[in-house]
Every structure is written in C-alpha cells, then in structure tokens.
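Participant: Encoded as structure tokens, here's the structure I'll be asking about.
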Amino acid sequence: MGFYSSFLLADCLLNSKKVTTEEYDEFYIKAFNAYLDPLASTHFTTVRIMKKFLVKKAPGEKHVRHCQRSSWSHRKWIQPVMEYAIRDSGKGKSKMSKQITHGFHLVKGKAFHEMEDYVVAKFKEVDDNELGLFAIFDGHLSHEIPDYLCSHLFDNILNEPNFWQEPEKAIKKAYYITDTKILDKASDLGKGGSTAVTAILINCQKLVVANVGDSRAVLSKGGVAKPLSVDHEPNMEKDEIENRGGFVSNFPGDVPRVDGQLAVARAFGDKSLKMHLSSEPYVTVEIIEDDAEFLILASDGLWKVMSNQEAVDSIKGIKDAKSAAKHLSEEAVARKSSDDISVVVVKFH
C-alpha cells in the first residue's frame, strides 16, 4: 500500500464513520510528515502508519451481498495490511441437488480506482424450477455499469416471456434491452462499459452460457477444459467494426483496440464507441452429464496469466468450490496479474 492509496483508504474510512475526524487528522499529519521526510522510505513508512491505523479500526465483519464486489465499504480485512490486495469470497449450494455447490472469490488489483469486477452467484427458485445464476461483470472506466448489470441483467433475462422455451433468443434480447437502458442512463452511469459472462443452470441439468468481451466460462469434462465462451477481440472482428465505420489499431502499444481505445470488440455501455461496438452475446447450451466436473467463470485478470487447461488442472483436486475459486485468484496473483480478479466455481459433484 503506497502513499496515495493509504489516503484513499483513510478517506473512505472517515466517510463511512469507521474512524473519527480526530483519528483521521492524526493519521494524516503523521503520514504527510513521513512523506516530506527525505530520510524516510515513504512507501514503508506510510504502510507502517496505516497498518497501526487499520489494526485499531478495521471492522470484524464484512457485508455479503448477492451482487458481490470488493469495495472499501464491505471488505474482509486481512492482516497484515501490506497484503497485495483485499479479498471477498462466499459460497452456496443447490437445494435440488446436494452435490452442486458454488464458491466465488474476488481480489482487487493494483490500479488506483475502485474495484470494477462484480460477481453474481446464487440459486433462485422460480415456480417449481431451480435456477443457478452465475456471472462475472468486469467494468472498464466504470464501476457503475457492472453494478447496474449485477442488479438488472438476470431480471431482464427471466422477464423475457420465451425464456423457458428459447433461452438463447431470450438472453440475446435481454442483453440488447439491458445495453439500451445503460446507454439511455449514460449521464448517470458514466462513459465506461463492462464485459460480461453469464451462466444459467436450469434444474441442475441444462447450462446456458452467454458472454460479451473477454470474461470467460470454462467447463471441465473428464479433466479436459472445454471453452463455453468466446473472447471478442477487435482483430477477430475487424471487418464488422470497419463496416460500422470504426477501425482497429494497435497504436498506442501492441494490443488491438476498437478506434484505438477499447481492447474488446463487444461490451455493454461505452456510449462514445457504440456505433462501432456490439453488445450481442455469444450463447451456447451445454447439457450437464456425468463427466461434467466443474464450471469456471472468471474475468481477464485470471485469463491473462493462465490458460483454460491450466485453470482446470489447478483446481481439479480441490473439492470445496470456494477454496477452488480462492486458489485460482491467488495463483493469478502469484503469476503477477495486476488486474482485478474475480472467479466463480460451480462444482457438479
């Protein structure tokens, strides 16, 4: 934790009334004096001061939501405070099948902005049916848009009248409707956007997966990784982007980007690029058979440093879904991923 992030955290603690104004002022003076001291190591001095500050004031419980992200207001505080990142996790299980469980784990990356990954992981009863609803929403230049998706996308999907008969068509329509609403609310939600991968498990038997962008879904079948999503990369959709009047450029840097800005060809939001950008999801249906072992959903913070098969191999011996999700995120950190990392694991047996 450096000087700047220390003050961000102190400000958030003050705003959430976890500390008093006097306690904040005491920290501020000590840390700022350390910053001005030419003989002090600024990074470690501010960390030491902030560590004392947090150990005294850190809350013991975290707030757990169905829409889960790592944020200043409900983080699980881990000692020592110099930990790479602060983590959130959770788990649940099906009522229809005791064998089916899920777990999730999120890790805030190194960037000086709010956590932009959001997770949905829950089972929901609808009439006489059970739905497992799982998703990763990875925002860019925005945490409001993935938050909005977390709260609205599944409702929009389930409100489609043909969901039970034609789930693929219902999901595509709901993605379009949701994106339209996000664009209409751009003045409130901001200029950024979000990738998405969603998975709906219907009565523990039928899995419907959809995605836009580079968050992935990977199924382990007999120990072999089977991709259930497609990375929507600009260089793979160059013709479509150019037909809409846009262009793909590797400048600046060496990553292909839509109009030289966005590194994915499909996403929610991004109003300034929307004429050249699609929000139509790739959708696939998978019947869960005996050789289906587990499903991994994760943001690109994992996939930048780990292949599909490496992810499957990494957790094939871990029975607990939450522990498996945590292991994947920690392995990504060990491999020097600096991005926000969010992982959902669904175990089928």
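Participant: Take segment 95-122 and flag every residue that is touching a helix residue (DSSP H, G or I) at 6+ places or on another chain (Cβ under 7 Å) and part of a loop (DSSP other than H, G, I, E, B).
Facilitator: GLY109, PHE112, GLU116
Participant: Still on this structure: For residues in segment 267-288 being in a loop (DSSP other than H, G, I, E, B) and out of contact with any Phe, Trp or Tyr (no Cβ under 9 Å at 6 or more places or on another chain), which is nearest to SER220 (Cα to Cα)?
Facilitator: Once the filter is applied, the top-ranked residue is ALA267.
Participant: Of everything in segment 157-197, what is in a helix (DSSP H, G or I) and within 19 Å of the chain's Cα centre (by Cα)? Give them in sequence order.
Facilitator: Selection gives TYR175, THR178, ASP179, ILE182, LEU189.
Participant: Among ILE145, ILE200, ILE136, which is of a type outside the set (Phe, Trp, Tyr) and assigned to a helix (DSSP H, G or I)?
Facilitator: None of the others qualify; the one that does is ILE145.
Participant: Checking VAL212 against (1) outside the structural domain of GLU130 (by TED's automatic domain parsing); (2) surrounded by 17 or more Cβ atoms within 10 Å (Cβ to Cβ); (3) not acidic (Asp, Glu): exactly one of these is not met. Which one?
Facilitator: Against the list (1) outside the structural domain of GLU130 (by TED's automatic domain parsing); (2) surrounded by 17 or more Cβ atoms within 10 Å (Cβ to Cβ); (3) not acidic (Asp, Glu), VAL212 comes up short only on (1).
Participant: Out of curiosity, is ILE288 modelled with pLDDT of 95 or more, in contact with a Cys (Cβ under 9 Å, 6 or more places away or on another chain) and β-branched (Val, Ile, Thr)?
Facilitator: Yes, satisfied.
Participant: I would also like to ask the following. List the pairs whose first member sits in segment 172-197 and is modelled with pLDDT under 95, whose second member is part of a helix (DSSP H, G or I) and surrounded by fewer than 17 Cβ atoms within 10 Å (Cβ to Cβ), and whose Cβ atoms are under 7 Å apart, counting only residues at least 6 apart or on separate chains?
Facilitator: Note: pairs meeting the criteria are LYS191/SER272.
Participant: Here's another thing I want to ask about it. Being part of a helix (DSSP H, G or I) and within 21 Å of the chain's Cα centre (by Cα) is the requirement here; does LEU153 meet it?
Facilitator: Against the criterion (part of a helix (DSSP H, G or I) and within 21 Å of the chain's Cα centre (by Cα)), LEU153 qualifies.
For every residue, the table says whether it meets (1) small (Gly, Ala, Ser); (2) under 24 Å from ASP147 (Cα atoms); (3) at pLDDT 50 or above.
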| site | (1), (2), (3) |
| --- | --- |
| ARG69 | no, yes, yes |
| LYS76 | no, yes, no |
| GLN79 | no, no, no |
| LYS110 | no, yes, yes |
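Participant: Determine which single condition GLY253 fails, assuming it passes every other condition in (1) part of a loop (DSSP other than H, G, I, E, B); (2) among the small types (Gly, Ala, Ser); (3) modelled with pLDDT of 95 or more.
Facilitator: (3)
Participant: Give ILE157, ILE136, ILE177 a once-over and let me know the one that is surrounded by fewer than 21 Cβ atoms within 10 Å (Cβ to Cβ) and among the aliphatic types (A, V, I, L, M).
Facilitator: Of the residues listed, the single one that is surrounded by fewer than 21 Cβ atoms within 10 Å (Cβ to Cβ) and among the aliphatic types (A, V, I, L, M) is ILE177.
The values are calculated or read from the model by the stated rules, or taken from the named source; none is laboratory data. These figures come from a predicted structure and were not determined experimentally. Backbone-built Cβ (ideal geometry, glycine too); neighbour counts: all protein chains shown.
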